[in-house]
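Q: Here's a structure for you.
The values are calculated or read from the model by the stated rules, or taken from the named source; none is laboratory data. Since the structure is predicted, the reported quantities are computational estimates derived from the model, not experimental observations. Cβ sites come from the backbone with ideal geometry, for glycine too, and all protein chains shown count toward neighbours.
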Amino acid sequence: MYTSPANVSERRLAPPSLAISTVIFALRPSESSGRPTLWIPLVRRIREPYRGLWALPGGPLSHDESLQDAASRNLRETTGLAPSYLEQLYAFGGLHRSPTQRVVSIVYWALVRPTEAALADESENVRWVRADRPGQLAFDHNAIVDYALWRLRNKLEYGPIAYHFLGEYFTLAQLREVYEAVLDRELDPANFRRQIKAAPEIEETDEYLQGGKHRPPRLYRYTGRPGLDPDHRSTT
């Protein structure tokens, strides 16, 4: 499509547009092994640019809402989700993110429990994919997903974010499955159990998980503050 020099000049003079995008991480069963794996929802673009390609949930920022409110609204409208934890991750403002105009995206990330993820809308324009295998995405959303996954894996090593994927009570095996899903590798059960039980924030309860064929495992709970970093507002 021909673009006149005047149109190019007008775009250069126009202020950048602001948009909100969100990476939603959830544990869902692997299609091959049935074990929990890390997934994200995507939405199909129905207009140019990149019409027909998959992208992260999001949209433009309106004049009368906060960044957090815009992220929550976009998630409700595209996936039907209202995650209990939603945090600002990063700002992406590369010069060539969009072929039609300069767009700066404020990216949020959300961590949801399987029960929350099961409520997400799915249709021909909304689908869940493996976080490490999203396929070709619109704009620079592949880079955004890679960055979010890198941040999640790094924070898992020293922070309490794993508990956002679990309910209030959990078994040590369920907690290990979270770590294995995020890190995409198996962990030694005995070593993991020993390290977790030594953590002062992990409290042993008198309750057990019922319904299995074998001896019911004990339930634990996290007593610390399962937060991420305060608002992370670096830009690129």
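Q: On the given criteria, is residue 173 of a type in the set (A, V, I, L, M), closer than 27 Å to residue 89 by Cβ and either assigned to a helix (DSSP H, G or I) or assigned by TED's automatic domain parsing to the domain that holds residue 109 (or both)? Outline the logic, then answer.
A: Details: of a type in the set (A, V, I, L, M): yes; closer than 27 Å to residue 89 by Cβ: no; either assigned to a helix (DSSP H, G or I) or assigned by TED's automatic domain parsing to the domain that holds residue 109 (or both): yes.
No: the conditions fail for residue 173.
Q: Tally the residues that are crowded, with 19+ Cβ neighbours inside 10 Å, at pLDDT 90 or above and among the hydrophobic types (A, V, I, L, M, F, W, C), restricting the search to the stretch 66-85. Let's see the steps before the verdict.
A: Taking the stretch 66-85 and keeping what is crowded, with 19+ Cβ neighbours inside 10 Å, we get 70-72, 74-75, 78-79, 81, 83.
Those still in the list that are at pLDDT 90 or above too: 70-72.
Subsequent filtering for residues that are among the hydrophobic types (A, V, I, L, M, F, W, C) retains 70-71.
The qualifying residues number 2.
Q: Also, I was wondering about something else. State all residues of the stretch 201-222 that are assigned to a loop (DSSP other than H, G, I, E, B) and closer than 26 Å to residue 159 by Cα; if no residue qualifies, say none.
A: Step one: filter the stretch 201-222 for residues assigned to a loop (DSSP other than H, G, I, E, B), giving 201, 209-217.
Passing the criteria: 201, 209, 217.
Q: For the structure I just gave you, tell me whether residue 156 is closer than 18 Å to residue 39 by Cβ, surrounded by fewer than 18 Cβ atoms within 10 Å (Cβ to Cβ), among the hydrophobic types (A, V, I, L, M, F, W, C) and touching a residue at least 24 places away in the same chain (Cβ under 8 Å).
A: Numbers: closer than 18 Å to residue 39 by Cβ: yes; surrounded by fewer than 18 Cβ atoms within 10 Å (Cβ to Cβ): yes; among the hydrophobic types (A, V, I, L, M, F, W, C): yes; touching a residue at least 24 places away in the same chain (Cβ under 8 Å): yes.
Criteria met by residue 156.
Q: So if I check each of 114, 83, which one is without any contact (Cβ under 8 Å) to a residue 60 or more places away in the chain and not charged (D, E, K, R)? Don't jump to the end; show me each part of the working.
A: Working: 114 fails: without any contact (Cβ under 8 Å) to a residue 60 or more places away in the chain.
Of the residues listed, the single one that is without any contact (Cβ under 8 Å) to a residue 60 or more places away in the chain and not charged (D, E, K, R) is 83.
Q: Just checking: which of the strands (runs of 3 or more DSSP E) contained wholly in the stretch 12-127 hold 3 or more residues that are among the acidic types (Asp, Glu) and within 22 Å of residue 156 (Cβ to Cβ)? First the steps, then the outcome.
A: Numbers: elements: 17-29, 36-44, 58-60, 86-92, 103-112.
Filter on the stretch 12-127 gives an empty set.
Q: Being modelled with pLDDT of 90 or more and either touching an Asp or Glu at 6+ places or on another chain (Cβ under 8 Å) or in the same structural domain as residue 148 (by TED's automatic domain parsing) (or both): is that true of residue 13 here? Explain how you work it out, then say what you get.
A: On the way: modelled with pLDDT of 90 or more: no; either touching an Asp or Glu at 6+ places or on another chain (Cβ under 8 Å) or in the same structural domain as residue 148 (by TED's automatic domain parsing) (or both): yes.
So residue 13 fails the test.
Q: Here is a follow-up. Restricting to the stretch 105-133, name every residue that is surrounded by fewer than 17 Cβ atoms within 10 Å (Cβ to Cβ) and among the aliphatic types (A, V, I, L, M).
A: Scanning the stretch 105-133 gives 118, 119, 129.
Q: Just checking, does the stretch 132-139 include any residue being within 30 Å of residue 102 (Cβ to Cβ) and not in a loop (DSSP other than H, G, I, E, B)?
A: Within the stretch 132-139, one or more residues are within 30 Å of residue 102 (Cβ to Cβ) and not in a loop (DSSP other than H, G, I, E, B).
Q: Could I ask something else about it? Checking the condition farther than 21 Å from residue 28 by Cα, under 19 Å from the mean Cα position of the chain (by Cα) and of a type outside the set (A, V, I, L, M), which residue from 165, 192, 139 passes? Break it down into steps so the answer makes sense when it comes.
A: Details: 165 fails: farther than 21 Å from residue 28 by Cα; 192 fails: under 19 Å from the mean Cα position of the chain (by Cα).
Step by step, each of 165, 192, 139 is checked, and only 139 is farther than 21 Å from residue 28 by Cα, under 19 Å from the mean Cα position of the chain (by Cα) and of a type outside the set (A, V, I, L, M).
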